[in-house]
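Novice: Take a look at this one; I'll ask things after.
The values are calculated or read from the model by the stated rules, or taken from the named source; none is laboratory data. Please read these numbers as outputs of a predicted model, since none were measured by experiment. Because the Cβ atoms are built from the backbone with ideal geometry, glycine has one as well, and the counts that use them run over all protein chains shown. Ligands, DNA and RNA are excluded from the accessible area calculation, which covers all protein heavy atoms including side chains. Shrake-Rupley method; radii C 1.70, N 1.55, O 1.52, S 1.80 Å.
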Amino acid sequence: MDIIDIKDWGLGLSEHVLIAGPCSAESPQQIETIAKGLKGSPVELFRAGIWKPRTRPGSFEGVGSEALEWLDAAKEILNVPVTVEVAKTKHVEAALKAGVEVLWIGARTTVNPFSVQEICEALKGVDIPVMVKNPINPDLQLWLGAFERLNKVGINKVAGIHRGFSDPYEKRYRNKPEWSMPIHLKRMVPGLSVICDPSHICGTREIIGAVSQRAINFGLDGLMIETHHDPDNAWSDAKQQITPDMLKIIYDSLIFRENVDEHPEMLTEIDKYRHKIDLLDSQILELFSERFKVIEQVGEYKREHNLAVYQPSRWQEVMDSRIKEGIKKNMTEKFMKSLLFAIHEESVKKQEAQLKEMRPMANL
Ligand code: PEP
Ligand code: MN
């Protein structure tokens, strides 16, 4: 895929981009007050929802196109570009006409390839950056698909936004973060920046600082934080919005992590540890290979004596004893279980393949 890094979008955005602004634009005064409040903060891109995708009808669904011109005040006060959410052709056309610099596709739109395609058609031949939020369900292919569709119509200034995933059993978060997802996405699309939206992950303002720090620790490339001068009275997402002053406090407390590749002096030091890890990994693999050889010997024995590949009592015993031992050695139960399941799956596959091997008629 052809990707242009956020730093090269020509909008003066940095490698730790901070996006702030209200969930929804409510009035010209509200936009102005928030922008003034954000003055002196490191905000680089101002956000505001103009068309709001609400779960049920009857809630505030955004002011609509008329709010687009209110954003000029934010641009002027803060001297930064602005971004709005688009979900259909009409939105794209209005946003482009109003000179919005960056568009974003919301989580409820990313899930629907028809809508993503519609946005892409409307963007054919236009050079504008587009940020894509993860779909509400944890489907990496769907998220990836949106970038591919954008790329096909020539949009290469793209970035992802991790805003968590809907999970009916989750109590702590409004949308549960799945940190491995943006990391996978970044690996699959080299050069792609993924920003974190802690506001929609948290759902309540109290944990926004902690989640922002986690996002940075995981190597995400920036933050989009909903900011309102009077959060409790915001027309949408009141509980999760923070004041501009709060944003400054949170931002100042964040510790930014750097990529070691940019620090040759640290690289030599860290390479010593990496070398140790390489050796240990190769020993682990050697042991695995030995283990699988024994598994094949057992498989041969099972085949000769017509024994089933899967022996539940033995498997239970292996699980129980190894998990216990693993926990004693400072590993979590979750890790031990997934490791043992992976080993078991591979072992069963190998023995099953042995059973399928051609056998002389006399043995049948
Ligand atoms: C928003 O950013 O206000 C929004 C609607 O977010 P999401 O698409 O993540 O639900
Ligand atoms: Mn919101």
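Novice: Hydrophobic (A, V, I, L, M, F, W, C), more than 30 Å from Ile195 (Cα to Cα) and modelled with pLDDT under 85: is that true of Leu279 in this structure?
Specialist: No; evaluated as a whole, the condition is false for this residue.
Novice: Let me ask something else. What is the one condition in (1) within 16 Å of ligand 2 (Cβ to nearest atom); (2) in contact (Cβ under 8 Å) with a residue 60 or more places away in the chain; (3) touching a Phe, Trp or Tyr at 6+ places or on another chain (Cβ under 8 Å) that Pro129 does not satisfy?
Specialist: (1)
Novice: Going by the structure shown, is Glu265 part of a helix (DSSP H, G or I), away from ligand 2 (no atom under 16 Å from the Cβ) and more than 30 Å from Lys36 (Cα to Cα)?
Specialist: Yes, satisfied.
Novice: Continuing with the same structure: Write out, first by first residue and then by second, each pair whose Cβ atoms fall under 8 Å of each other, whose residues are 6+ apart or on separate chains, and whose first residue, in the range 183-204, is under 20 Å from Asp237 (Cα atoms) and assigned to a strand (DSSP E or B) while the second is acidic (Asp, Glu) and more than 14 Å from ligand 2 (Cβ to nearest atom).
Specialist: Partner pairs satisfying both residue conditions: Ile195/Asp221.
Novice: Could you list all residues from the range 13-39 that are assigned to a loop (DSSP other than H, G, I, E, B), at pLDDT 95 or above and open to solvent by 50 Å² or more (accessible area, probe 1.4 Å)?
Specialist: Within the range 13-39, just Lys39 meets the criteria.
Novice: Tell me the residue from Ser282, Ser313 that is open to solvent by less than 80 Å² (accessible area, probe 1.4 Å) and either part of a loop (DSSP other than H, G, I, E, B) or not acidic (Asp, Glu) (or both), please.
Specialist: On the way: Ser313 fails: open to solvent by less than 80 Å² (accessible area, probe 1.4 Å).
Among Ser282, Ser313, only Ser282 is open to solvent by less than 80 Å² (accessible area, probe 1.4 Å) and either part of a loop (DSSP other than H, G, I, E, B) or not acidic (Asp, Glu) (or both).
Novice: Quick check: anything in the range 291-307 open to solvent by 90 Å² or more (accessible area, probe 1.4 Å) and closer than 30 Å to Leu103 by Cα?
Specialist: Initial filter on the range 291-307 (open to solvent by 90 Å² or more (accessible area, probe 1.4 Å)): 293, 297, 301, 304-306.
Checking the rest, the ones that are also closer than 30 Å to Leu103 by Cα come to none.
No, the range 291-307 contains no residue that is open to solvent by 90 Å² or more (accessible area, probe 1.4 Å) and closer than 30 Å to Leu103 by Cα.
Novice: I've got another one for you. Consider only pairs whose beta carbons are under 6 Å apart and that are at least six residues apart or on different chains; among these, list those whose first residue lies in the range 76-101 and is more than 27 Å from Gly37 (Cα to Cα) and whose second residue is surrounded by 14 or more Cβ atoms within 10 Å (Cβ to Cβ) and charged (D, E, K, R).
Specialist: Lys88/Glu118; Thr89/Glu118
Novice: Filter the range 106-139 for residues that are over 24 Å from Ala35 (Cβ atoms), within 15 Å of ligand 1 (Cβ to nearest atom) and open to solvent by less than 30 Å² (accessible area, probe 1.4 Å) and give the result.
Specialist: Ala107, Thr109, Thr110, Ser115, Val116, Ile119, Val132, Asn134, Pro135 - these are the residues of the range 106-139 that are over 24 Å from Ala35 (Cβ atoms), within 15 Å of ligand 1 (Cβ to nearest atom) and open to solvent by less than 30 Å² (accessible area, probe 1.4 Å).
Novice: Of all residues in the range 201-251, which are within 16 Å of ligand 2 (Cβ to nearest atom) and at positive phi?
Specialist: Those that are within 16 Å of ligand 2 (Cβ to nearest atom) and at positive phi: Gly203, Asp237.
Novice: Could you tell me whether the range 246-269 includes any residue that is free of Cβ contacts under 8 Å to residues at least 40 places away in the same chain, closer than 16 Å to Val17 by Cα and touching a helix residue (DSSP H, G or I) at 6+ places or on another chain (Cβ under 8 Å)?
Specialist: no
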